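Here's the structure, in structure tokens; my notes come after.
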Amino acid sequence: MHVSKGATCFNLEELPVKHWAMSMAQKHVLVVDHSKFGKVRPARMGDLKRFDIVVSDCCPEDEYVKYAQTQRIKLMY
């Protein structure tokens, strides 16, 4: 999860399913633990602004909090 690079993951094979699920969902929830903040992986799910809610095990750094506020993304931790 990266402010400018968006939500990413390792598994390129799962990416089409994740994109399909996002296209069908009414709400988009991203669940990440604190170790994922600032990481960029090969498979890109999309911009963070595509998510309505981000759930994590702790409060992210100010950069993420400010981004979430400007994009109206609810942070839960």
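Every read-out reported here was derived from the displayed coordinates using simple, explicitly stated rules and does not represent laboratory data. Quick caveat: nothing in here was measured; it's all calculated off a predicted structure. When we count neighbours, we look across all protein chains shown, and the Cβ atoms used for this are built from the backbone with ideal geometry, even at glycine.
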Of the conditions (1) touching a Gly at 6+ places or on another chain (Cβ under 9 Å); (2) surrounded by 14 or more Cβ atoms within 10 Å (Cβ to Cβ), E61 fails just one. Which one is it? (2)
Report yes if S4 is free of Cβ contacts under 8 Å to residues at least 24 places away in the same chain, within 14 Å of the chain's Cα centre (by Cα) and in a loop (DSSP other than H, G, I, E, B), otherwise no. yes
Those residues of region 7-27 which are within 13 Å of G46 (Cβ to Cβ), in contact (Cβ under 8 Å) with a residue 12 or more places away in the chain and polar (S, T, N, Q) amount to T8
Residues of region 36-53 being assigned to a strand (DSSP E or B) and either free of Cβ contacts under 8 Å to residues at least 40 places away in the same chain or hydroxyl-bearing (S, T, Y) (or both), which ones? A43, R44, M45, I53
Residues being of a type in the set (A, V, I, L, M) and part of a loop (DSSP other than H, G, I, E, B) - total across region 7-35: 3
Looking only at residues that are loosely packed, with under 13 Cβ neighbours inside 10 Å and among the hydroxyl-bearing types (S, T, Y) in region 1-56, which one is farthest from Y77 (Cα to Cα)? S23
